[in-house]
Structures are given as C-alpha cells and as structure tokens.
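**Q** What follows is a single structure, and I will ask about it in a moment.
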Amino acid sequence: MAEIGFYHLTRTALEVALPRLLGRVLASGGRAVVKAATAERIAALDTALWLSPDPDWLPHGSAATGEADLQPIWLTTADEAPNGARHLFLVEGAESAILDRFDRVFDLFDGNDEAAVAAARERWRRAKAAGHTLTYWRQTATGWEKAG
C-alpha cells in the first residue's frame, strides 16, 4: 500500500507549490512522476518547472523530450513510471490505477474550486477503502501543515 498525502492548495498556485515539493524529493535522492490529465497541462508544467525560482533547477522530461530513464522527474498523462520513480504527483484530479507501485503519492488539488475539493474527498474515500495510509496537508503562511 502507498502512503497518500492530500495537499489542499489554498495559498499558492500549483505552479508554485509543485516545484517546491519536487525539490524536496530530488534533495532526498528520489525520483518523481507527475501525472496530469491533459497534454496541455503537461506542456504548461514543463514550462513552469524550467522557470521555477525555488528551487531553480528541476531537471525533468516528458514524452516530448524522451529518455525517461535519465529524467529525475517525468511529466506524463499515462499511468507509468519509466524513470523508476517511487514518488507520484497527481495534479488537477488525475488518478492512477498503479498507486501500489509508489512509496509516496502526492494528490494536489485546488482548494478554491468546490468541484476539485469534492473530487478530492471522493478520491480520499476510495483510497481509504483500498487500505492506503492517508494524510491531509493544508497550506499555511509558513508552509505545509499536517492536519487531523
């Protein structure tokens, strides 16, 4: 079973929060997959990661650039981990049928969008029923705070 953290974005946009979390994974020597629902979102995240000031270097790739095995961060719309990642980031409601292949899953959702919050609650219910270990994180003025 995976450890799934639900990250309730209320203070910053995904493009600001995601690079910081990915930076922590890379700093620990880990690799990550970021799964989004659309190719357009992957292209936008690709740009955001290259332009991120914090951290300022997030090496990554996608199907557009190839060589997945060389990429510490892989951006995709598919259920895959071709870079050997043990960390999965699900953004904007993307879901995965291979959660058990990862040690840690980050489910980031927009707390200012009622539909996104409702969908995250439903994903929480299904993950709990499947026996995954769940945590809930909310943004504060000083960073992420584990709740409940």
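**Q** Can you say whether ALA48 is in contact with a helix residue (DSSP H, G or I) (Cβ under 6 Å, 6 or more places away or on another chain) and of a type outside the set (D, E, K, R), as far as the supplied structure shows?
**A** Answer is yes for this residue.
**Q** Further question on the same structure: Which numbered condition in (1) within 27 Å of GLU122 (Cβ to Cβ); (2) surrounded by 11 or more Cβ atoms within 10 Å (Cβ to Cβ) is the only one that ARG31 fails?
**A** So the condition that ARG31 fails would be (1).
**Q** Please go through the stretch 94-117 and give me each residue that is small (Gly, Ala, Ser), in contact with an Asp or Glu (Cβ under 7 Å, 6 or more places away or on another chain) and either more than 15 Å from THR77 (Cα to Cα) or buried (at least 19 other Cβ atoms within 10 Å of the Cβ) (or both), ordered by number.
**A** Passing the criteria: SER96, ALA116.
**Q** Considering ALA13, ALA37, which residue is surrounded by fewer than 18 Cβ atoms within 10 Å (Cβ to Cβ), closer than 19 Å to ASP107 by Cα and without any contact (Cβ under 8 Å) to a residue 12 or more places away in the chain?
**A** None of the other options fit; the residue is ALA13.
**Q** Still on this structure: Are there any strands (runs of 3 or more DSSP E) wholly within the stretch 1-103 with 1 or more residues that are over 12 Å from the mean Cα position of the chain (by Cα), and if so which?
**A** 3-9
Quick note: the coordinates plus some simple rules give every number you see, no bench work behind them. Given the structure is predicted, the values throughout are model-derived calculations rather than measurements. Positions of Cβ are generated from backbone atoms using ideal geometry, with glycine treated the same way; all protein chains shown enter the neighbour counts.
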